[in-house]
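To start, the structure under review is shown below, and the notes come after it.
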Amino acid sequence: FKRPKIALIGGGQIGGVMAQIIAKRELGDVVMLDIVENLPQGKTLDISEASKTDHFDVSVTGTNDYKDIEGAGVVIVTSGVPRKPGMSRDDLLGINSGIIKTVGENIKKHAPDAYVIIISNPLDAMVTLMRQVTGFPANRVLGQAGVLDSSRFASFIAWELGISVKDVSALVLGGHGDTMVPLIRYANVAGIPALELFERKYGSKEKAKEVMDKIVERTAKAGGEVVALLKTGSAFYSPAASAIEMAEAIIKDQKRVLAVCAYLDGEYGVNGYYVGVPAVLGGKGVEKIIELTLNDEEQALFDNSVNAVKTLIEDMKKLNLL
Ligand code: APR
């Protein structure tokens, strides 16, 4: 028997938290790679030295050499720069594209059979670029955004109702930007529509809708809310947890139904773009896209979000980044 090997490209804030979660859950051996010398070595040494108290036997190592990712079944990519206050994710396009291109070439060379989960922003564009550079099949190149956006949406609903977030199910579609589409109609608490519970709380449909609309807006801007507070970087605990949930679904062939930045080949009427949609995630990566019937309002919001992704991809082509 052999433990799975998980490579983390980028040993910054998100990379560090991911390494610790993987170790604590013993999901596999971790190799963390960064361009900064000694950073991944130092971080992983620190994490490893807690193996006694955290009770794990997996190995967690750091490297600056892509040879060490050989044999990785899953590669999670965070390399790049995060946002600063006032920046949108799209402002990172130029700098992160160059980084993702190099990273993709190295993944193709050293881990050609890996499933690749991207976190670097602007997410939909970076996943598209990774797919192009590696030439991997679409089921093996996916992006983390929807798990986090949906988790934020669910958290806000739970906080509003004063109930456990474990019983909330909420879904966010579309691109990972300000145009993302939290689906109000599908948000529920133990199967009960969340909006119905808001109505019961406030005794009015109008007030319930008003509160829900605020939550939807907060969800779409949640990343920026954290950036504005941190000032020196962007969210890292929640993106790390979200990406590991995806990696675990693949490693353990769980067939989870999660919101994933996945390649659409006609689904939702979208041809050839990476967009956030619900999908079945298992041992073969993105195994199935789940198509929802959207009402006119939802469809219009989704189309708007897809158009934002298309514009970003066009910009990349104009700049010769894709
Ligand atoms: N190869 C490998 N690692 C690189 C490269 C490269 N070419 N270029 C930069 N890095 C590393 C940096 O040295 C840094 O350690 O990527 C790491 C990024 O870490 P942080 O700056 O701490 O950023 P983090 O908060 O982890 O976010 C990373 O995820 O959510 C997105 O917008 C966010 O794009 C950003 C990414």
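Per-residue answers, yes or no, for (1) touching a Leu at 6+ places or on another chain (Cβ under 8 Å); (2) farther than 26 Å from Met87 by Cα:
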position: Ala190; (1), (2): no, yes
position: Ala194; (1), (2): yes, yes
position: Leu197; (1), (2): yes, yes
position: Gly203; (1), (2): no, yes
position: Ala208; (1), (2): yes, yes
position: Glu217; (1), (2): no, no
position: Lys221; (1), (2): no, no
position: Gly224; (1), (2): no, no
position: Val227; (1), (2): no, no
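Please determine whether any residue of segment 308-320 is under 22 Å from Gly94 (Cβ atoms), outside any helix (DSSP H, G or I) and either free of Cβ contacts under 8 Å to residues at least 40 places away in the same chain or in contact with a Gly (Cβ under 8 Å, 6 or more places away or on another chain) (or both). First the steps, then the outcome.
Taking segment 308-320 and keeping what is under 22 Å from Gly94 (Cβ atoms), we get 308-320.
Imposing the further condition that a residue be outside any helix (DSSP H, G or I) reduces the set to 319-320.
Subset that is either free of Cβ contacts under 8 Å to residues at least 40 places away in the same chain or in contact with a Gly (Cβ under 8 Å, 6 or more places away or on another chain) (or both): 319-320.
Taking every residue of segment 308-320 in turn, at least one turns out to be under 22 Å from Gly94 (Cβ atoms), outside any helix (DSSP H, G or I) and either free of Cβ contacts under 8 Å to residues at least 40 places away in the same chain or in contact with a Gly (Cβ under 8 Å, 6 or more places away or on another chain) (or both).
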Handout entry: Given (1) in contact with a Ser or Thr (Cβ under 7 Å, 6 or more places away or on another chain); (2) closer than 18 Å to Glu196 by Cβ; (3) surrounded by 24 or more Cβ atoms within 10 Å (Cβ to Cβ), number of the condition Ala158 does not satisfy
Key = (3)
Practice task
Take Ala247 and decide whether it is more than 19 Å from Leu92 (Cβ to Cβ) and of a type in the set (A, V, I, L, M, F, W, C).
Solution key: yes
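Please verify whether segment 170-192 includes one or more residues that are in a helix (DSSP H, G or I) and either touching a residue at least 12 places away in the same chain (Cβ under 8 Å) or within 22 Å of Asp315 (Cβ to Cβ) (or both). Can you show your working first?
Taking segment 170-192 and keeping what is in a helix (DSSP H, G or I), we get none.
Within segment 170-192, not a single residue is in a helix (DSSP H, G or I) and either touching a residue at least 12 places away in the same chain (Cβ under 8 Å) or within 22 Å of Asp315 (Cβ to Cβ) (or both).
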Practice task
Quick one: count up the residues across segment 1-39 that are closer than 25 Å to Lys231 by Cβ and of a type outside the set (A, V, I, L, M, F, W, C).
Solution key: 8
Exercise for the section: Test Ile21 against the stated conditions and say whether it is away from the ligand (no atom under 11 Å from the Cβ) and closer than 30 Å to Met180 by Cα. Expected result: yes
Practice task
Please work out which residue is nearest to Val127 (Cα to Cα), limiting yourself to segment 216-243 and to residues that are in contact with a strand residue (DSSP E or B) (Cβ under 8 Å, 6 or more places away or on another chain) and of a type outside the set (Gly, Ala, Ser).
Solution key: Thr219
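Determine, yes or no, whether Ala7 is in contact with a strand residue (DSSP E or B) (Cβ under 7 Å, 6 or more places away or on another chain) and under 13 Å from Thr78 (Cα atoms). Outline the logic, then answer.
Numbers: in contact with a strand residue (DSSP E or B) (Cβ under 7 Å, 6 or more places away or on another chain): yes; under 13 Å from Thr78 (Cα atoms): yes.
Spelling it out, Ala7 is indeed in contact with a strand residue (DSSP E or B) (Cβ under 7 Å, 6 or more places away or on another chain) and under 13 Å from Thr78 (Cα atoms).
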Exercise for the section: Look through Ile69, Ile100, Ile21, Ile14 and report the one residue that is farther than 14 Å from Asn121 by Cβ, within 18 Å of the chain's Cα centre (by Cα) and not small (Gly, Ala, Ser). Expected result: Ile21
Completion exercise
Here the residues within segment 87-134 that are assigned to a helix (DSSP H, G or I), touching a strand residue (DSSP E or B) at 6+ places or on another chain (Cβ under 8 Å), among the β-branched types (Val, Ile, Thr) and within 13 Å of the ligand (Cβ to nearest atom) are Ile100, Val103, Ile107, Val127
Practice task
Determine whether segment 139-148 contains at least one residue that is at pLDDT 95 or above, basic (Lys, Arg) and buried (at least 19 other Cβ atoms within 10 Å of the Cβ).
Solution key: yes
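How many residues does segment 135-145 contain that are more than 14 Å from the chain's Cα centre (by Cα) and not in a helix (DSSP H, G or I)?
We begin by selecting, within segment 135-145, every residue more than 14 Å from the chain's Cα centre (by Cα); these are 135-140.
Checking which are not in a helix (DSSP H, G or I) leaves us with 135-137.
Residues flagged as more than 14 Å from the chain's Cα centre (by Cα) and not in a helix (DSSP H, G or I) within segment 135-145 amount to 3.
Any residue that is under 20 Å from the mean Cα position of the chain (by Cα) and closer than 28 Å to His176 by Cβ - is there at least one of those in segment 34-45?
Scanning segment 34-45, I find at least one residue that is under 20 Å from the mean Cα position of the chain (by Cα) and closer than 28 Å to His176 by Cβ, so the answer is yes.
Starting from residues that are in a helix (DSSP H, G or I) and buried (at least 20 other Cβ atoms within 10 Å of the Cβ), keep the ones in segment 4-16 and report whichever is nearest to the ligand (Cβ to nearest atom). Walk me through it before giving the result.
At the first step, the residues of segment 4-16 found to be in a helix (DSSP H, G or I) are 13-16.
Then drop every residue that is not buried (at least 20 other Cβ atoms within 10 Å of the Cβ), which leaves 14-16.
Working: Ile14: 3, Gly15: 6, Gly16: 8 Å.
Among residues in segment 4-16 that are in a helix (DSSP H, G or I) and buried (at least 20 other Cβ atoms within 10 Å of the Cβ), the one nearest to the ligand (Cβ to nearest atom) is Ile14.
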Exercise for the section: Could you pull out the residue among Lys43, Lys52 that is of a type in the set (D, E, K, R), assigned to a helix (DSSP H, G or I) and buried (at least 19 other Cβ atoms within 10 Å of the Cβ)? Expected result: Lys43
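The values are calculated or read from the model by the stated rules, or taken from the named source; none is laboratory data. Treat the numbers as computed from the prediction; the structure is a model and nothing was measured. Every residue, glycine as well, gets a Cβ built from its backbone with ideal geometry; the counts of neighbours run over all protein chains shown.
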